[in-house]
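The values are calculated or read from the model by the stated rules, or taken from the named source; none is laboratory data. The model shown is predicted, which means the values in this text are computed figures rather than measured ones. Counting neighbours? That spans all protein chains shown, and the Cβs are built from the backbone with ideal geometry, glycine included. Ligands, DNA and RNA are stripped out before the accessible areas are found, and what is left, the full protein with its side chains, is counted by its heavy atoms. Shrake-Rupley method; radii C 1.70, N 1.55, O 1.52, S 1.80 Å.
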Amino acid sequence: MNMQKIRNFCIIAHIDHGKSTLADRLLQFTNTVTEREMQNQLLDSMDLERERGITIKSHAIQMKFPYKGEEYTLNLIDTPGHVDFSYEVSRSIAACEGALLIVDASQGIEAQTISNLYLAIGHDLEIIPVLNKIDLPGAQPEVVAEEVMEMIGCSREDIILASGKEGIGIEDILNAVVNRVPAPKGDEEAPLQAMIFDSVYNPFRGVEVLFRIFNGTINKGDKIKFVNTGKEYEADEIGVLGFQQKPQKQLQAGNVGYLISGIKVAKEVKVGDTITHVKRPCSATVQGFENVKPMVFAGIYPVETTDFEELRASMEKLQLNDASLVWEPETSAALGFGFRCGFLGMLHMEIIQERLEREFDMTVITTVPSVQFRALMNDDNYKLVNAPSDMPDPNLFKHIEEPYVKAAIITAADYVGPVIQLCMDKRGQIKNQVYLTSDRVELTFDMPLVEIVFDFFDKLKTISRGYASLDYELIDFKQSHMVRLDVMLNGEPVDALSAIVHRDKAYEWGKRLCEKLKELVPRQMFEIAIQAAIGTKVIARETVKALRKNVLAKCYGGDISRKRKLLDKQKKGKKRMRQVGNVEVPQEAFMAVLKLD
Ligand code: GDP
Ligand code: MG
């Protein structure tokens, strides 16, 4: 294929700014899919994704577009829209020469858009700004256009006005992709050098690897190698992605395609890895490969201890198609056998929990999330602390270090005060404040990651009435006075409720946690003491009074069906209860720390 006729591009957009809708329109316009196939939002195929409006897994799709009598091949590479998946975004961007920057004309630029925009500019992508949703009565295309022009230094004529909903501006966008995005460069004769930017798990065919060829040519049946994992395969099937897979005999430099080679486990396919030939390998790998590391850790336990093996089987299946999920068995005195899991972020954690429930019908308890701390031990070695139970004895280490992020927040000027206050409460330090327009401000903070994990985003949305967006990246570890706070129910420590918190916040934390637990732990036939302690020092206490009346008493003499209903209701309520010592603890209690005020 003539490289001059190929265009590789992606879409950068904040969640809900209309990326999926617009992408669907492009596919429709180019007849890549029929009206009927269009019924479902194509690029977001997993149920969960559709509901959340987030493209969790990036895919690629090829369109044919006739322009001035010539047929062009347009490869649209979809990117995930959430900060948890920013490494995947960076690899998708690295596979393209251009990007559509989609901005909701009624909202303006958001933090996630900016960080991805910088990534795209950093990779020298041609940026095509598109103001979407111009059909909305609240759209302010001229105000937002000013913002965009200032942001990327383009002129007003470069900006396309569009509405995915009404189908406005679609052809302009396709024309701009052909005219403005540079054709790929590369040498078809050179040794094969392709980059994996995504993979899709298929239980029947094995893992489908999505790649972009920078140099060389790949043929069906070639012996190939993934450079970073060192594994070798045969290219059983290669092809391009339309609405369905279209197998090909050969793919050349500049193009985007998929590969099937009998890989059964998602972990074998590392996004960012280089594919080359075994016989004639390329001399350099594609730059930018990283092993993604989990940022957030939490325990996952079956509600019924007897379901442990089933949970293990489910986790193994999940891991087959989610390479970024890591876990190892863990034992809790309170919860029994379970797993310590590492996630890319809080959203990823919620997704895993939901998938366990929906796809595997498991009822699980998730414990207090944590980040990875490290302790500088007396012997000057670091010990990693992924869970409160990993926290070494204070006599054995010199200090604890915690991960810090650089957090960028964009908000309306009216909310700058409350946002700064919130970030300072979260131990953040303000680093920068920039007015994007007279009404919109970008604030930058250095903040401990653990503070973002705990309920930060919800609070940010609340105090800004929804008008704030957040993006963050890990920068460093910093020395911090972290302590382990334990919780006891009737004197029994509940390890699953322990958390690692900053010393200055421990007292407040303990007090609120005890209060919250008091609301959540149901009254029982006896009194329950709830205590929070650091080491042996109790810092807070609450009491759950004993239950006086038999709940069934009020049904006495009543009809039996009503009584049964009540019993059933109680049973359902029990679904997520765990017996800790002699106390029944509901699932919400284990997550109570996330909602302390
Ligand atoms: P994504 O999260 O960026 O993929 O956004 P979606 O394509 O899922 O759209 C988010 C919401 O905005 C949905 O409710 C869409 O129906 C709506 N939407 C998308 N494009 C337009 C548009 O051009 N005009 C209007 N009024 N609504 C739109
Ligand atoms: Mg979407």
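A few remarks follow.
- If you filter segment 9-24 down to residues that are near ligand 2 (Cβ under 9 Å from one of its atoms) and among the aliphatic types (A, V, I, L, M), you find that the one that is surrounded by the fewest Cβ atoms within 10 Å (Cβ to Cβ) is Ile15.
- Yes/no for Asp158 being within 16 Å of ligand 2 (Cβ to nearest atom), more than 21 Å from Pro184 (Cα to Cα) and either at pLDDT 90 or above or open to solvent by less than 30 Å² (accessible area, probe 1.4 Å) (or both): no
- Tally, over segment 265-323, of residues that are open to solvent by less than 20 Å² (accessible area, probe 1.4 Å), modelled with pLDDT under 90 and not in a loop (DSSP other than H, G, I, E, B): 2
- Qualifying residue in segment 110-125 (condition: at pLDDT 95 or above and among the small types (Gly, Ala, Ser)): no
Residue by residue, here is whether (1) within 14 Å of ligand 2 (Cβ to nearest atom); (2) open to solvent by 20 Å² or more (accessible area, probe 1.4 Å); (3) of a type outside the set (Gly, Ala, Ser); (4) over 30 Å from Ser438 (Cα atoms) holds:
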residue	(1), (2), (3), (4)
Pro66	no, yes, yes, yes
Gly69	no, yes, no, yes
Asp84	no, no, yes, yes
Tyr87	no, yes, yes, yes
Ser90	no, no, no, yes
Glu97	no, yes, yes, yes
Gly108	no, no, no, no
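- In segment 330-352, of all residues being part of a strand (DSSP E or B) and either in contact with a Cys (Cβ under 9 Å, 6 or more places away or on another chain) or within 25 Å of Val583 (Cβ to Cβ) (or both), the one that is most open to solvent (accessible area, probe 1.4 Å) corresponds to Phe337.
- Taking each residue of segment 20-44 that is closer than 13 Å to Phe243 by Cβ and at pLDDT 85 or above and looking for partners that are more than 12 Å from ligand 1 (Cβ to nearest atom) and of a type outside the set (A, V, I, L, M, F, W, C) with beta-carbon atoms closer than 6 Å, six or more apart or interchain, yields Thr32/Gly242.
- Against the test of being out of contact with any strand residue (DSSP E or B) (no Cβ under 6 Å at 6 or more places or on another chain), in contact (Cβ under 8 Å) with a residue 12 or more places away in the chain and aromatic (Phe, Trp, Tyr), the options Phe445, Phe454 yield a single qualifying residue, Phe454.
- Counted residues, segment 110-165 - those being over 22 Å from Leu27 (Cβ atoms) and of a type in the set (Val, Ile, Thr): 8
- Strands (runs of 3 or more DSSP E) lying entirely in segment 364-408 (those with 2 or more residues that are in contact with a Pro (Cβ under 8 Å, 6 or more places away or on another chain) and closer than 18 Å to Ile534 by Cα): 373-377
- When Ile56 is tested against the conditions (1) part of a loop (DSSP other than H, G, I, E, B); (2) within 16 Å of ligand 2 (Cβ to nearest atom); (3) at pLDDT 70 or above; (4) not basic (Lys, Arg), the lone failure is (3).
So that you can scan it fast, the table gives a plain yes or no per residue for (1) of a type outside the set (A, V, I, L, M, F, W, C); (2) under 29 Å from the mean Cα position of the chain (by Cα); (3) surrounded by 20 or more Cβ atoms within 10 Å (Cβ to Cβ); (4) not in a helix (DSSP H, G or I):
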position: Lys511; (1), (2), (3), (4): yes, no, no, no
position: Met525; (1), (2), (3), (4): no, no, no, yes
position: Ala532; (1), (2), (3), (4): no, no, yes, yes
position: Arg541; (1), (2), (3), (4): yes, no, no, yes
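- Some residue of segment 458-468 being in a strand (DSSP E or B) and under 21 Å from the mean Cα position of the chain (by Cα): yes
- Of the residues making up segment 221-259, just one is open to solvent by less than 40 Å² (accessible area, probe 1.4 Å), modelled with pLDDT under 95 and assigned to a loop (DSSP other than H, G, I, E, B), namely Gly242.
- Subset tally (residues that are open to solvent by less than 40 Å² (accessible area, probe 1.4 Å), over 18 Å from Ile121 (Cβ atoms) and either away from ligand 1 (no atom under 15 Å from the Cβ) or touching an Asp or Glu at 6+ places or on another chain (Cβ under 6 Å) (or both)) for segment 140-155: 1
- Exclusive hit being open to solvent by less than 40 Å² (accessible area, probe 1.4 Å), touching an Asp or Glu at 6+ places or on another chain (Cβ under 9 Å) and in the same structural domain as Glu515 (by the TED database), set Ser498, Ser464: Ser498
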